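The structure appears right after this line, and notes come after that.
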Amino acid sequence: MTEDGDRTTHFGNETVPEAEKADRVRGVFTSVASRYDIMNDLMSGGIHRLWKDAMMDWLAPRAGQRLLDVAGGTGDIAFRFLKRAGAAQATVLDLTEDMLVEGRKRAEAARLAGSIEWVVGDAMDLPFEAASFDVYTISFGIRNVTRPEEALKEAYRVLRPGGRLMVLEFSQLPNPGLQALYDAYSFNVIPPMGKAITGDRDSYRYLVESIRKFPDQETFLGMIREAGFEQAKYRNLSMGIACLHSGWKL
């Protein structure tokens, strides 16, 4: 029998002890935090903004709701949520303090600091009481979690009855030819771009590799249902380059 301390997981294409992954992920995002938003725009040609807007369209934030945005980094989702909801509150949780520092700066510049709480924490062990939030979001972050199934169980725990889960993540294109072209772009363009913009090639190679390790749309949908969520569905974005998954705690 394998003891928990002997369990392994993937860090990109590497196999590493589970106990090491969180520190490695923290190192990646500490390295790129100050240039993270610029790289998102360059890597996607700005399309990530449209994906996040699509997330808000489906979510339809309402006044009075309380959002938990996990792996929320520099605040992109929280800012969009608050602007759509009006009078609401957001908590941004991230494993990496440096990402939250950048987010706080943006919040102050946007005059949203009073509506956002910033918390360093782990998606698999959230420091919040059960039934504390109306909405749980995680955007391009769950693939970096050591055990995504535990993060989904924690999401279910902290949501109130009637609460909504929404996950935005890179996914798989259904057409093998298009997937091959996308892979060629990802592996040959993004790491050198990361080196040029952030001085860190390896972190962006990991991020590309981590996308290929993440479950496909149907598999991840099953994981959401297994965690207890009902009315679980997904919508492909840009033919499946990214995907939105939604579920309800009923």
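Worth pointing out:
- In summary, residue 230 fulfils each of the numbered conditions (1) surrounded by fewer than 18 Cβ atoms within 10 Å (Cβ to Cβ); (2) touching an Asp or Glu at 6+ places or on another chain (Cβ under 7 Å) with the single exception of condition (2).
- Residue in region 58-78 that is touching a Phe, Trp or Tyr at 6+ places or on another chain (Cβ under 8 Å), closer than 24 Å to residue 116 by Cα, of a type outside the set (A, V, I, L, M, F, W, C) and at pLDDT below 95 present: yes
- Elements of type helices (runs of 4 or more DSSP H) in region 1-111, at least 1 residues being in contact with a strand residue (DSSP E or B) (Cβ under 6 Å, 6 or more places away or on another chain) and closer than 27 Å to residue 231 by Cα: 47-59, 76-85
- Residue satisfying all of: in region 32-50; more than 13 Å from residue 101 (Cα to Cα) and among the small types (Gly, Ala, Ser); farthest from the chain's Cα centre (by Cα) among these: 45
- Residue within region 143-153 that is under 30 Å from residue 232 (Cβ atoms), in contact (Cβ under 8 Å) with a residue 40 or more places away in the chain and in contact with a Gly (Cβ under 8 Å, 6 or more places away or on another chain) present: yes
- Residue in region 140-154 that is hydroxyl-bearing (Ser, Thr, Tyr) and farther than 23 Å from residue 85 by Cβ present: yes
- Inter-residue pairs, beta-carbon under 8 Å, first among the charged types (D, E, K, R) and in region 230-246, second assigned to a helix (DSSP H, G or I), 6+ apart: 233/221; 235/54; 235/58
- Selection of first residues in region 30-42 that are in contact (Cβ under 8 Å) with a residue 40 or more places away in the chain and of second residues that are among the small types (Gly, Ala, Ser) and part of a helix (DSSP H, G or I), restricted to Cβ pairs under 7 Å at least 6 apart or on distinct chains, gives the following pairs, ordered by first then second residue: 31/203; 32/203; 39/194.
- Annotation note: of 55, 39, the sole residue that is touching a Ser or Thr at 6+ places or on another chain (Cβ under 8 Å) and more than 24 Å from residue 151 (Cα to Cα) is 39.
- Total residues in region 119-163, condition among the hydrophobic types (A, V, I, L, M, F, W, C), over 16 Å from the mean Cα position of the chain (by Cα) and not in a helix (DSSP H, G or I): 5
- Any hit, region 180-199, residues being surrounded by fewer than 16 Cβ atoms within 10 Å (Cβ to Cβ), of a type in the set (Lys, Arg) and touching a residue at least 40 places away in the same chain (Cβ under 8 Å): no
The values are calculated or read from the model by the stated rules, or taken from the named source; none is laboratory data. Please read all numbers here as calculations on a predicted model, not as lab measurements. Positions of Cβ are backbone-derived with ideal geometry, glycine not excepted, and every protein chain shown enters the neighbour counts.
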